[in-house]
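Trainee: What follows is a structure written as structure tokens; I'll ask about it next.
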Amino acid sequence: MRIIAIFEKNERVRHIGHLDIQRAVQRGLRRSGLPVAYSNGFNPHILVAFASALSTGACGEREIMDVKMAEETKAEEFLRRMNDAMPPEMRLKEARAVDDRHPAMTALLKAASYEIRIHDPIQANRLIRSVDSMMAREEIPVSRKSKSGIREVDMKPLIHALRGEGQTLYAVLTLTEKESCKPSMILEGLKREAGMDPEEEVRILVTRTMLLGEGEDGGLRPLETL
């Protein structure tokens, strides 16, 4: 069996990278005393996977871990014992048990929702006023780094939703193993639309609020419910 658990990465630990998140979860699993499964081989490790790595500097409200268990374990017991073992900045919120045949979370992942808070109110006003005109364009070209170098891509097909309110952008962006749209790309497109200097620094706080998969009706649904 496996346990699918929802955990947070709050603002106090947002500068911790994904490898450190993995280590913290593995330490928590060992401290919890839960009957987790280990890999075979010379250097066995706990069988835990994450639906998606979260960028360093970003917060996460509903991140997902997928833990292989060696014995039957109730979701409530997993949640209680892990929260006793984990730092409060990475509190677990929910857990559920699934069969080993349940698809991997990475295979089901289609998109993610984000809140992008812009610290400077003047910059926020300029950028948010540019959302509608940018989204009205047939194409939204932005730069993307790849192994072969920097190339220009059209990010419009990768944006499921984008709106602004106050000093915050709310976005639903494609996130799969093959293609993705990052909050930094949204910022680049809006700066270009607003006529801002591409080199002008815009301080933001990114929070990934939910990971999403595709429901039976073709619409996006919280990944942990699939």
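Trainee: Give me the mean projected area, in nm² to one decimal, of the convex hull enclosing the Cα positions of the stretch 2-102.
Mentor: Quarter of the Cα hull surface area: 6.2 nm².
Trainee: Now, a different point. Multiply the residue separation of Lys74 and Ser55 by 0.36 nm, subtract the distance between their alpha-carbon atoms, and state the gained length in nm to one decimal.
Mentor: Taking 0.36 nm per residue and subtracting the Cα distance, the gain is 3.7 nm.
Trainee: A follow-up question, please. In the stretch 140-226, which GluC sites (Glu not before Pro) are in a loop and have at most 12 other Cβ atoms within 10 Å, using DSSP for the loop call?
Mentor: On the way: sites: Glu152, Glu165, Glu177, Glu179, Glu188, Glu193, Glu199, Glu200, Glu201, Glu214, Glu216, Glu224; in loops: Glu177, Glu179, Glu199, Glu200, Glu201, Glu216.
Hits after loop and neighbour filter: Glu177, Glu179, Glu199, Glu200, Glu201, Glu216.
Trainee: Same structure, new question: For the stretch 117-185, which trypsin sites (Lys or Arg not before Pro) are in a loop by DSSP, counting at most 14 other Cβ atoms within 10 Å?
Mentor: Arg137, Lys147, Lys178
Trainee: Okay, next question. List residues of the stretch 1-34, by number, whose backbone nitrogen lies under 15 Å from a label position 7 Å along Cα→C-beta of Asn43.
Mentor: Within reach of a label on Asn43: 23.
Trainee: How large is the accessible surface per residue of the chain, computed with a 1.4 Å probe and reported in Å² as a whole number?
Mentor: On a per-residue basis, the chain sits at 55 Å².
Trainee: Among Ala5, Ala104, Leu29, pick out the residue whose Cα is farthest towards the positive end of the charge dipole of the chain, where Lys and Arg carry +1 and Asp and Glu carry -1 on C-beta, about the Cα centre.
Mentor: About the Cα centre, the residue reaching furthest to the positive side is Leu29.
Trainee: Next question, about the same structure. Under 8 Å for C-alpha pairs, at least 6 residues apart: give me the relative contact order for the stretch 2-102, rounded to a whole percent.
Mentor: Relative contact order here is 48 percent.
Trainee: Also: Taking amide hydrogens as modeled 1.01 Å from N in the peptide plane, which residues meet the under 5 Å criterion relative to Met155, leaving out close sequence neighbours?
Mentor: Those qualifying (amide H under 5 Å, at least 5 residues apart or on another chain) are Ile140, Val142.
Trainee: I would also like to ask the following. If amide hydrogens are placed 1.01 Å from N in the peptide plane, which non-local residues have theirs closer than 5 Å to the one on Ser52?
Mentor: Ile64
Trainee: Right, here's the next one. So what is the 222 nm mean residue ellipticity for the chain from helices alone, if each DSSP H run of at least 4 adds -39500 (n - 2.57) and you divide by all residues, rounding to the nearest 500 deg cm²/dmol?
Mentor: Working: 6 runs with 56 residues, N = 226.
Per the formula, -7000 deg cm²/dmol.
Trainee: Looking at the stretch 12-120, which GluC sites (Glu not before Pro) are in a loop (DSSP not H, G, I, E or B) and have at most 13 other Cβ atoms within 10 Å?
Mentor: Details: sites: Glu61, Glu63, Glu71, Glu72, Glu76, Glu77, Glu89, Glu94, Glu115; in loops: Glu71, Glu72.
Here the sparse-neighbourhood loop sites are Glu71, Glu72.
Trainee: Find the relative contact order for the chain and round it to a whole percent, using C-alpha pairs within less than 8 Å whose residues are 6+ positions apart. Don't jump to the answer; show the numbers that get you there.
Mentor: Working: 436 pairs, mean separation 55.7, N = 226.
With pairs under 8 Å counted, the relative contact order is 25 percent.
Trainee: Hey, another quick one. Angle check, please: helix 18-32 long axis (alpha carbons) against the longest principal axis of the chain (alpha carbons), in degrees 0 to 90, nearest 10.
Mentor: So the inclination is approximately 30 degrees.
Trainee: Report in % the part of the accessible area of the chain that belongs to carbon and sulfur, leaving out ligands and nucleic acids; probe 1.4 Å.
Mentor: Reported share for carbon and sulfur atoms: 47 percent.
Trainee: Please compute the modelled spin-label separation between Arg203 and His18, points set 7 Å along Cα→Cβ, answer in nm with one decimal.
Mentor: Roughly 2.8 nm, to one decimal.
Trainee: Find the centroid of the Cα atoms in the stretch 47-71 and in the stretch 92-151, then give the distance between the two in whole Å.
Mentor: Measuring centre to centre over Cα atoms gives 17 Å.
Trainee: Using unit Cβ charges (K, R positive; D, E negative) and no other charged atoms, how large, in debye to the nearest 20, is the dipole of the chain about its Cα centre?
Mentor: 560 debye
Trainee: Under a straight-distance cross-link criterion of Cα-Cα below 30 Å, which lysines are reachable from Lys145, leaving out those fewer than 8 residues away in the same chain?
Mentor: Counting by Cα, and skipping residues close in sequence, Lys145 has these lysines nearby: Lys9, Lys110, Lys156, Lys178, Lys182, Lys191.
Trainee: For the stretch 172-185, take each phi angle, set θ = phi - 60°, evaluate the Karplus expression 6.51 cos²θ - 1.76 cosθ + 1.60, and give the result in whole Hz per residue in order, putting x for glycine and proline.
Mentor: Using θ = phi - 60°, the values come out as 10, 10, 4, 8, 10, 5, 9, 8, 7, 10, 9, x, 5, 6 Hz.
Trainee: From the phi of every residue in the stretch 44-56, what ³J(HN,Hα) in whole Hz does the Karplus formula 6.51 cos²θ - 1.76 cosθ + 1.60 yield, where θ is phi - 60° and glycine or proline is x?
Mentor: The phi angles translate into x, 9, 5, 8, 10, 10, 10, 4, 6, 5, 9, 4, 4 Hz.
Trainee: Given an 8 Å cut-off on Cα distances and at least 6 residues of separation, report the relative contact order of the stretch 108-225 as a percent.
Mentor: The value is 41 percent.
Trainee: Please give every one of the lysines within straight-line cross-link reach of Lys74, meaning a C-alpha to C-alpha distance under 21 Å, and leave out same-chain neighbours fewer than 8 residues apart.
Mentor: Lys93
The values are calculated or read from the model by the stated rules, or taken from the named source; none is laboratory data. As the structure is a computational prediction, the values presented were derived from the model and not from experiment. Cβ atoms come from the backbone with ideal geometry, glycine included; neighbour counts cover every protein chain shown. Please note that ligands, DNA and RNA were not included when accessible areas were found on the heavy atoms of the full protein model with its side chains. Shrake-Rupley method; radii C 1.70, N 1.55, O 1.52, S 1.80 Å.
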